[in-house]
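One structure below.
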Amino acid sequence: MRARSADQQRPASTHPLSPMEIVEKAMPDDERVWVPQAPNVWFRPLMFNTLNGGWCNLLRVRKSGVLSRHLHPAPVHGFVLKGQWRYLEHDWVATEGSYVFEPPGETHTLVVDEDCEEMITFFNISGCMYYVDEHGRCTGFEDVFAKLDMCRKHYTEVGLGSDYVDQFIR
Ligand SMILES: [Fe+2]
């Protein structure tokens, strides 16, 4: 449901064209809400911004080691909810409770080390994930629409229905 309709309760202080708010238990009780992204990697959608081009999600990684190398053309904000991770290109470690700002123009490679059973991080991603190989050549990308398509496919397969994802679209 992207826009408010007449039967939806709306405080008088809210403009009629304002889209609906999203209030969601970020950590889902239903395992099916996690969308597989790669072996041992899942994302949990929270908000798909189809106007600015971006999305908010939780990323969950279990015992995965080195993940794909990628470039961001636009800023990314992260908040670590559980576990820890780092980028091969940096000497810092993002630990539970850390806020991370990933500046536009940076290429980096996510690593979850052996001693971390599971990491979960909230990410607010603008633009897209631009995947590159070790020579910086593009191997693929994900934008808000690609993420939406992944969700629709998964939610159809697990019985939640393709429209389950609609609640996160603005
Ligand atoms: Fe990144």
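The values are calculated or read from the model by the stated rules, or taken from the named source; none is laboratory data. Just so it is clear, the model here is predicted, and its values are computed rather than measured. Reconstructed Cβ throughout: ideal geometry from the backbone, glycine too, with neighbour counts over all protein chains shown.
Just to check your reading of the model, which residue among M27, M47, M20 is modelled with pLDDT under 95, closer than 23 Å to Y155 by Cβ, among the aliphatic types (A, V, I, L, M) and more than 16 Å from the ligand (Cβ to nearest atom)?
None of the other options fit; the residue is M20.
For segment 127-160, which positions are without any contact (Cβ under 8 Å) to a residue 40 or more places away in the chain and surrounded by 16 or more Cβ atoms within 10 Å (Cβ to Cβ)?
E142, R152, listed by residue number.
Have a look at F123, F168 and point out the one that is within 16 Å of the ligand (Cβ to nearest atom), in contact with a strand residue (DSSP E or B) (Cβ under 6 Å, 6 or more places away or on another chain) and under 14 Å from V35 (Cβ atoms). Quick ask: steps written out before the conclusion?
Details: F168 fails: within 16 Å of the ligand (Cβ to nearest atom).
On inspection, the qualifying residue turns out to be F123.
Scan the strands (runs of 3 or more DSSP E) fully inside segment 4-123 and keep the ones with 3 or more residues being surrounded by 11 or more Cβ atoms within 10 Å (Cβ to Cβ). Spell out the reasoning first.
Details: elements: 35-38, 41-49, 54-62, 65-71, 76-82, 85-87, 99-102, 107-112.
Passing ranges, in order: 35-38, 41-49, 54-62, 65-71, 76-82, 85-87, 107-112.
Given the condition of a type in the set (D, E, K, R) and without any contact (Cβ under 8 Å) to a residue 24 or more places away in the chain, answer yes or no: does some residue in segment 98-116 qualify? It would help to see each step written out before you state the result.
Within segment 98-116, the subset of a type in the set (D, E, K, R) is 102, 106, 113-115.
Those left that are additionally without any contact (Cβ under 8 Å) to a residue 24 or more places away in the chain: 115.
Looking for residues that are of a type in the set (D, E, K, R) and without any contact (Cβ under 8 Å) to a residue 24 or more places away in the chain, one finds at least one in segment 98-116, hence yes.
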